[in-house]
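One structure is given below, encoded as structure tokens.
The values are calculated or read from the model by the stated rules, or taken from the named source; none is laboratory data. Worth saying up front: this structure is predicted, and the values here are computed from it rather than measured. Don't worry about glycine lacking a Cβ; one is built from the backbone with ideal geometry, like all the others, and counts go over all protein chains shown. Just so you know, the surface numbers come from the protein's heavy atoms only, side chains and all, with ligands and any DNA or RNA stripped out. Shrake-Rupley method; radii C 1.70, N 1.55, O 1.52, S 1.80 Å.
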Amino acid sequence: MPSPFRGGMFGPVPWPNLALPPRTPDVIWPAMATAPIKNIRNFSIVAHIDHGKSTLADRLIQLTGAMSEREMVGREQVLDSMDIERERGITIKAQTVRLAYRADDGETYVLNLIDTPGHVDFAYEVNRSLAACEGSLLVVDASQGVEAQTLANVYHALDAGHEIVPVLNKVDLPAAEPDKVKQQIEDVIGLDAHDALMISAKTGLGIHEVLEAIVTRLPPPKGDRAATLKALLVDSWYDAYLGVVVLVRIVDGVLKKGQRIRMMGTGASYEVDRVGTFSPKLTPAEELGPGEIGFLTASIKEVADTRVGDTITDDRKPIEHMLPGFKPAIPVVFCGLFPVDAAQFEDLRAAMGKLRLNDASFSYEMETSAALGFGFRCGFLGLLHLEIIQERLEREFNLDLIATAPSVIYKIKLRSGDELQIHNPVDMPDPMAVLEIEEPWIEATILTPDEYLGSVLKLCQDRRGNQKELTYVGNRAMVKYDLPLNEVVFDFYDRLKSVSKGYASFDYHLTDYHAADLVKMQILVNAEPVDALSMLVHRTRAEGRGRAMCEKLKELIPPHMFQVPIQAAIGGKIIARETVRAFRKDVTAKCYGGDVTRKRKLLDKQKEGKKRMRQFGKVDIPQEAFIAALKVDV
Amino acid sequence: MFVAMSESPAFGVYIHWPFCLSKCPYCDFNSHVRRGGIDEERFAAAVAAEIAATAARIPGRTVDTIFFGGGTPSLMKPQTVGAILDAIGRHWTIAPAAEINLEANPTSVEATRFAGYRAAGVNRVSLGVQALDDPALKNLGRTHTADEALAAIAIARKNFERYSFDLIYARPGQTVAAWRAELARAIAEAAEHLSLYQLTIEPETPFYALHEAGKLVIPDDDAGRALFDATQEECARAGLPAYEVSNHARTGAECRHNLVYWRYGEYAGIGPGAHGRLLIDRVRHATATEKNPEQWLARVETHGHGLVVDDALTRDEQADEFLLMGLRLTEGIDPARFQALSGRPLDPGRVADLLGVGFVEKTRDKHLRVTPAGFPILDAVVADLAA
């Protein structure tokens, strides 16, 4: 049966599901009784990938009866509605469910769980989700311990003023070391963990205690029902039938159907069509009062018209001050995306338009490349965001894509006194006109088992990092490094995983810009620069990377009828060179008995192979060569 | 359509005789070993029936060339060959100067039939000598010795005004010097024509499995190239220049039947697993018959023919085939005929690039031909022009 989560009725379906027939909103569930504010608990779950956040959420939903057993069957991780989310164990969009829980004290509570995105790329979204709650469950795997990402998110939660309940998951596993992990929570995070809950989300052990702790240990929200409407825009997504659905947290006042609201950040005003809560299906309600988390629809056409973190108020008597922390989403990582088959360009444009409907943080504009033809220059919140978008384009829209080297935003000071920002090496001005180039830096936090520390440190040093801090927690080391972002966007995360056998965890935030000796390195194939392979790189790193890229290309460009030189160059200076050898012999010896059909079929195969290549001048470059050249490990 | 006016007028008939006494481990042709023997008359009658059925589709042709290939056609009795030639003559007109070829194994037994073949009408034989070195012959799975082959060549010389023989080179471990010496001996035995094929590892042959397992090592591309270059040099010096990638002849002594293929003419394919290109109502059809001899026989006896493929070719397909075949010849192709077949000219940019690197050249009669530098990489040149 089609899942209610994919049909557009459940909130966080982040794009229209085109495969399903049209559905009318008749599956909206009847309203749940509203609760007094003292009986509301808004909470999120902070956890590392695989530590059991989604499974715990499943159990809470199950135990409070928000979904029937039948609905739960075969639906692990009900809150992760995208395939990619489920596969990677990450949450991309905020997801919400409202649970009714009859506690041991005899009262019925409304528990609103916001499942937050759990990755550094979405730190801002995480912050806004946390700002909508008063408390968090900190879920830590009792055998794995605290990871870098957990750390970052728990700090965000503390910053948001959360009450935090530590929960040790998977205590039933033989490798569980709850005492050690409790100590670690106290040492690393500075949280009192003596009354941490011991659970197994998988078996259901301790789930009742979790519900009781939410009710007894987390505070209820505060808010003034009589005040003017003040609400936080937590997230939004596009629904094919309802238009844009906005996830809101009411701070003060009441939100009602028919009310005229104003988005303070954008200044736009709308009339509210519907309000309601998440069961997790969209469930209409008469109103949303202070402390409530729910949704509104207001005939908003595009997600781009709503800004995560914006403040919603009454259009007729707006409040004066916005809620703090509002920031427009700014892409920090860029790359070009080109269709492998030039005929798919229009399909790519349409697919990007559809993704953008739901993800305003992703930007794109048309770009032309001599090597790759027509494509788009795209901006992303981070590397994971880039990968997710690329994967969704390929998977959901059946496109084959070539991605160019990821780039960051460089600030360039010209001798003329002008300043410009570029994120495409193609836009790099003449080096003679450049006074200085600045690049963005990050502060990275890495947690790793100590046997991999040496390799991790070497990786950071190789990537021009400056060590700021090195501490031990048991047998795990925590290092902090200042790193140039352009070294991180280039394969850093994969390398980190590889040198630590997957055990190191990583988190970062942008700090500031510093001047750097950056040069534009070009790759020349048959003496012509391939724009898609050029990049800005630190002078000290250029030669090594240039050589590695040339070697990789030599491996992957098939022999041609003539020798093909492959060079890396800075300006006019060649810093590395390889040669793809020419065919020596490529001729069918015997063409027998008039069977031309077989030869023609072989020729057709050859033609097919050529189609998968990019014709660049007189050289055919396979698409894998572009991808592999950009992934070389230097 | 401009097809008819631009066609080469020669018409050839290919007869496939699919039986062998043993399978050679490099061979991927349609050949079958039947230890219990076969009903030769019955097969010959089916061949005659298929000739009749084909002639009904393309009546009125004058047959310029006939080729008995295999398999091992020299396992046929001379009267079987005669019966088949009679059938061809009943349904079409055989040109007075027609070239009538038969492939033969150079064993002493088969050589005894040469006079009979000559009497039946065969005027050219092609002997599968393959090597003039006994250990090499053994490795290639051949059942004859070098001396036996030389004796068969002598008998062929006595019986036929024209004969040719095949050698396989670029064999495992073969050096350029050893090949030059072997080739020199072959040239001394040759009259007007030699076919010299580089050993190719074909899928689904015993050699393929050995090669995959690393137990059969053949010369790499560089060594293969050196052997190819040496072959061109030796043959040219002896007055047997290449007229096709692997075929060498004195001027005027080319195999006319094979030229029908390479010039992309019209030919009928008769017998199990035979291919044809027939012009029916000015449309070129690609035909192929059932490969398995007994199933082919059953089909012919039931339906009058063994066709399993009969496809009208598109213009693009014809254009590709024309390039694939025509560029194998040193005479090259007429670009006007390419345009007539495909409806578009050859890509001028690609032609210019290939001219620039010297892999093709234009002749005085405006033909486009592959140069000696281009022949060793012909497949890439064709792929470039066809893409």
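Each other residue within a Cβ distance under 13 Å of A:M366 adds +1 if Lys or Arg and -1 if Asp or Glu, for a net charge of -1.
Note on the range B:328-384: Kirkwood hydrodynamic radius from all Cα pairs is 11.5 Å, rounded to one decimal. Counting Cβ atoms of other protein chains within 10 Å of each Cβ in B:256-264 and taking the mean gives 2. Could you work out the local net charge near A:A226, counting Lys and Arg as +1, Asp and Glu as -1, over the other residues with Cβ closer than 13 Å to its Cβ? Its environment carries a net charge of 0. Pair-distance distribution P(r) for the range B:273-387, from all Cα-Cα distances in 5 Å bins starting at 0: 2, 11, 18, 18, 13, 11, 10, 8, 5, 3, 1, 0 percent. Using the Kirkwood radius built from alpha carbon pairs, what does the Stokes-Einstein equation give as D for the range A:343-386 at 25 °C and 0.890 mPa s, in µm² per second? Translational D for this selection: 220 µm²/s. Compared with the dominant Cα axis of chain A, that is its longest principal axis, helix A:148-159 is turned about 40°. Across the range A:554-634, counting alpha-carbon atoms alone, Rg and Dmax equal 16.6, 57 Å. Scaling against 2.2 N^0.38 Å puts the C-alpha radius of gyration of the range A:109-231 at 1.12. To the nearest 0.05, how large is the calculated FRET efficiency for B:Q295 and B:E41 if R₀ is 22 Å and r is the Cβ-Cβ distance? About 0.75, to the nearest 0.05. Structural descriptor for the range A:133-193: relative contact order 42 percent, calculated from alpha carbon pairs under 8 angstrom and at least 6 residues apart.
Taking every C-alpha pair closer than 8 Å and separated by at least 6 residues, the mean separation divided by the residue count of chain A gives a relative contact order of 10 percent. With the alpha-carbon atoms of the range A:497-634 aligned to their principal axes, the span from lowest to highest coordinate is 72, 41, 20 Å, starting with the largest.
Could you work out the helix-only [θ] at 222 nm for chain B, with each DSSP H run of four or more residues adding -39,500 (n - 2.57) and the total divided by the number of residues, to the nearest 500 deg cm²/dmol? Intermediate values should be presented prior to the final figure.
Details: 15 runs with 158 residues, N = 387.
Rounded to the nearest 500, the figure is -12000 deg cm²/dmol.
Inter-chain Cβ neighbour count for B:221-234, averaged per residue, equals 2 (cutoff 10 Å, partner chain atoms only).
According to the square roots a ≥ b ≥ c of the eigenvalues of the Cα gyration tensor, what is the shape class of the range A:430-493, taking rounded for a/c under 1.5, prolate for a/b larger than b/c otherwise, and oblate for the remainder? Don't jump to the answer; show the numbers that get you there.
On the way: a/c = 3.55, a/b = 2.74, b/c = 1.30.
Prolate.
Projecting the Cα atoms of A:S54, B:T80, B:H275 onto the charge dipole of the protein assembly as shown, computed from C-beta unit charges around the Cα centre, puts B:T80 farthest toward the positive end. Dipole size of chain B about its Cα centre, with +1 on Lys/Arg Cβ and -1 on Asp/Glu Cβ: approximately 800 debye, rounded to the nearest 20.
Given the convex hull of the Cα atoms of chain A, what is a quarter of its surface area in nm²? Mind dumping the intermediate values first?
Numbers: hull surface 133.9 nm².
About 33.5 nm², averaged over all directions.
Work out the FRET efficiency for B:R344 and A:D273 from their Cβ-Cβ distance, taking R0 = 60 Å, and round it to the nearest 0.05. E between B:R344 and A:D273, to the nearest 0.05, is 0.55.
Out of the trypsin sites (Lys or Arg not before Pro) in the range B:336-387, which ones are loop residues according to DSSP with at most 15 other C-beta atoms within 10 Å? Mind dumping the intermediate values first?
On the way: sites: B:R337, B:R350, B:K362, B:R364, B:K366, B:R369; in loops: B:R364, B:K366.
For trypsin sites (Lys or Arg not before Pro) across the range B:336-387 that sit outside H, G, I, E and B with at most 15 neighbouring Cβ atoms in 10 Å, the list reads B:R364, B:K366.
Taking 0.36 nm per residue of sequence separation and subtracting the Cα-Cα distance, how much length would be gained by fully extending the chain between A:E212 and A:R102, in nm to one decimal?
On the way: separation 110, 0.36 × 110 = 39.60 nm, distance 0.96 nm.
The span from A:E212 to A:R102 would gain 38.6 nm if fully extended.
Charge dipole (Cα centre; +1 on Lys/Arg Cβ, -1 on Asp/Glu Cβ; no other charges) of the range B:101-162 amounts to roughly 260 debye.
Positive end of the dipole of the range B:287-387 (Cβ unit charges, origin at the Cα centre): among B:L329, B:H303, B:T287, the Cα lying farthest that way belongs to B:L329.
Using a Förster radius of 30 Å, what is the FRET efficiency between B:K366 and B:D316 based on their Cβ-Cβ separation? Nearest 0.05, please. Mind showing how you got there, number by number?
On the way: r = 23 Å, r/R0 = 0.77.
E between B:K366 and B:D316, to the nearest 0.05, is 0.85.
What is the sum of charges, Lys and Arg at +1 and Asp and Glu at -1, for the other residues whose Cβ falls under 11 Å from the Cβ of B:E103? Don't skip to the answer; put the middle values down first.
On the way: positive: B:R124; negative: B:E110, B:D166.
Net charge in that neighbourhood comes out at -1.
A simple spin-label model places the labels of A:E551 and A:K327 3.9 nm from each other, with each point 7 Å out along Cα-to-Cβ.
Magnitude of the Cβ-charge dipole of the range A:150-251, K/R +1 and D/E -1, about the Cα centre, nearest 20 debye?
On the way: 9 positive and 14 negative charges, 76 e Å.
Value, rounded to 20: 360 debye.
Compared with the dominant Cα axis of chain A, that is its longest principal axis, helix A:596-611 is turned about 60°. Could you run the Debye sum over the Cα atoms of the range A:218-306, one equal point scatterer each and no solvent, and tell me log10 of I(q)/I(0) at q = 0.15, 0.20 Å⁻¹, two decimals? So the normalised log intensities are -0.51, -0.91.
Each stretch of four or more DSSP H residues adds -39500 (n - 2.57); spread over every residue of chain A, this sum gives -7000 deg cm²/dmol at 222 nm.
Viscosity 1.306 mPa s, temperature 10 °C: Stokes-Einstein D of the range B:43-160 from its Kirkwood Cα radius, in µm² per second? Don't skip to the answer; put the middle values down first.
On the way: Rh = 15.2 Å.
Approximately 105 µm²/s, per Stokes-Einstein.
Dipole of chain B computed with +1 at Lys/Arg Cβ and -1 at Asp/Glu Cβ about the Cα centre; of B:L183, B:H248, B:A44, farthest Cα towards the positive end is B:A44. Each peptide in A:350-362, A:396-408 was scored by the mean count of other Cβ atoms within 10 Å over its residues; highest first, the order is A:396-408, A:350-362.
Taking each residue of B:317-323 in turn, how many C-beta atoms of other protein chains fall within 10 Å of its C-beta, and what is the average? Walk me through the intermediate numbers first.
Working: counts 5, 2, 0, 7, 5, 1, 2.
Whole-number average of other-chain Cβ neighbours for B:317-323 is 3.
Between 0 and 90 degrees, the angle of helix A:453-462 with respect to the longest Cα principal axis of chain A falls at about 60 degrees.
If you stretched the chain out fully between A:D418 and A:A175, how much longer would it get, using 0.36 nm times the residue separation minus the C-alpha to C-alpha distance?
On the way: separation 243, 0.36 × 243 = 87.48 nm, distance 5.98 nm.
Between A:D418 and A:A175, full extension yields 81.5 nm more.
Each of B:V283, A:V210 has its accessible area taken with a 1.4 Å probe; listed largest first, they run B:V283, A:V210. Scanning chain B for DSSP H helices at least 27 Å long along the axis (C-alpha atoms) with a Kyte-Doolittle mean no lower than 0.5 picks out nothing. Counting alpha carbon pairs within less than 8 Å and at least 6 residues apart, what relative contact order, in whole percent, applies to the range A:551-603? It rounds to 31 percent for the range A:551-603. Using the alpha carbons alone, the radius of gyration of the range B:174-330 stands to its Kirkwood radius in an Rg to Rh ratio of 1.05. Distance between the 7 Å Cα→Cβ label points at B:V217 and B:S22: 2.7 nm.
Per the Debye formula on identical point scatterers at the alpha carbon atoms of the range B:121-258, with no solvent, log10 I(q)/I(0) at q = 0.09, 0.13, 0.18, 0.21 Å⁻¹ is -0.27, -0.57, -1.06, -1.35. Taking only protein heavy atoms and a 1.4 Å probe, what accessible area per residue, in Å², does the range A:534-608 have with all protein chains in place? That works out to 46 Å² for each residue.
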